[in-house]
1. Which of the residues belonging to the range 51-81 are without any contact (Cβ under 8 Å) to a residue 60 or more places away in the chain, surrounded by 14 or more Cβ atoms within 10 Å (Cβ to Cβ) and under 13 Å from Val96 (Cα atoms)?
2. Scan the range 25-55 for residues that are at pLDDT 90 or above and closer than 30 Å to Asp122 by Cβ and jot them down.
3. Give, as residue ranges, the strands (runs of 3 or more DSSP E) completely inside the range 102-176 that count at least 3 residues that are within 13 Å of the ligand (Cβ to nearest atom) and crowded, with 17+ Cβ neighbours inside 10 Å.
4. So which residues in the range 76-101 are in a helix (DSSP H, G or I), over 20 Å from Pro65 (Cβ atoms) and not small (Gly, Ala, Ser), if there are any at all?
5. Can you find a residue that is within 16 Å of the ligand (Cβ to nearest atom) and either in contact with a Ser or Thr (Cβ under 9 Å, 6 or more places away or on another chain) or part of a helix (DSSP H, G or I) (or both) anywhere in the range 58-67?
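The values are calculated or read from the model by the stated rules, or taken from the named source; none is laboratory data. Note that the structure is a prediction, hence the values are computed from the model and not measured. Here Cβ is always computed from backbone atoms with ideal geometry, including for glycine, and neighbour counts include all displayed protein chains.
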Amino acid sequence: MTQHNLTPESKLPALGTTIFTQMSALAQQHNAINLPQGFPDFDGPRYLQERLAYHVSQGANQYAPMTGVLPLREAIAEKTAELYGYRPDINSDITVTAGATEALYAAITALVRQGDEVICFDPSYDSYAPAVELSGGVLKRIALQPPGFRVDWTAFAALLSSKTRLVILNAPHNPSATVWRQADFAALWQAIADREIYMLSDEVYEHICFDETGCASAPLPSPRSAKPFI
Ligand SMILES: Cc1ncc(COP(=O)(O)O)c(C=O)c1O
């Protein structure tokens with residue numbers, strides 16, 4: 001009888017095991033507190049649990065529109081306007097995803113074409129590189145230098161080329177917690193203003209920021225004062 005190997009060949013053979021899996025396994029092995037991965041040891045907000053239970057009990061079990069349910073997109077537009085003074089269009093500017101990793105993957109695969117170059121700042125969240133590689137792009141990495149983990153803008157300018165398509169930034173930054181200052185955004189703008197380059201801004205820690213001088217965002221409104229949007 002012919003034996004078939006049903007394991008498909010990996011499209012990312014050099015990928016290896018992510019640092020999240022490695023560190024979580026070590027934490028478990030040594031019975032240590034697992035800081036590398038987001039494992040909150042507290043429950044989610046009570047009002048969110050109640051809203052979830054309410055909608056489950058009301059039979060909300062249908063597919064959502066591709067871009068997300070309308071009241072949620074309206075609430076995101078409202079929050080963005082309140083915090084940043086810019087109101088995104090609920091139909092063309094907002095897409096709801098199941099977490100940031102899906103949004104990052106969708107954005108990278110939508111923008112990056114064969115041979116395009118993508119700049120990211122290392123250490124970086126390890127789902128950027130595989131998405132760039134699967135899209136046929138070439139990742140150009142810039143090392144953030146300790147102790148401040150700030151961007152060397154001269155090195156950044158030297159890395160730009162006619163193939164640069166995308167720059168991925170992450171602030172507040174994981175794992176250093178560095179927040180970009182106005183001067184960083186100005187330097188970035190100066191470097192790319194004349195080029196057709198897209199920015200992908202990963203701000204998953206936007207509200208975990210304790211330094212008002214460097215913070216890109218205002219604090220999150222208290223959940224207790226927020227009215228249920230849906
Ligand atoms: C910088 C950064 N972006 C995105 C993510 C993942 O976000 P999500 O869990 O919403 O997919 C992480 C998780 O560690 C991260 O560190």
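1. Selection gives Thr67, Gly68, Arg73, Ile76, Ala77.
2. Hits for the range 25-55 are Ala25, Leu26, Ala27, Gln28, Gln29, His30, Ala32.
3. On the way: elements: 117-122, 138-143, 164-170.
Of the strands (runs of 3 or more DSSP E) lying wholly inside the range 102-176, those with at least 3 residues that are within 13 Å of the ligand (Cβ to nearest atom) and crowded, with 17+ Cβ neighbours inside 10 Å span 164-170.
4. Within the range 76-101, Glu82, Leu83, Tyr84, Thr101 meet the criteria.
5. Initially, the range 58-67 is screened for residues within 16 Å of the ligand (Cβ to nearest atom), giving none.
No, because not a single residue in the range 58-67 is within 16 Å of the ligand (Cβ to nearest atom) and either in contact with a Ser or Thr (Cβ under 9 Å, 6 or more places away or on another chain) or part of a helix (DSSP H, G or I) (or both).
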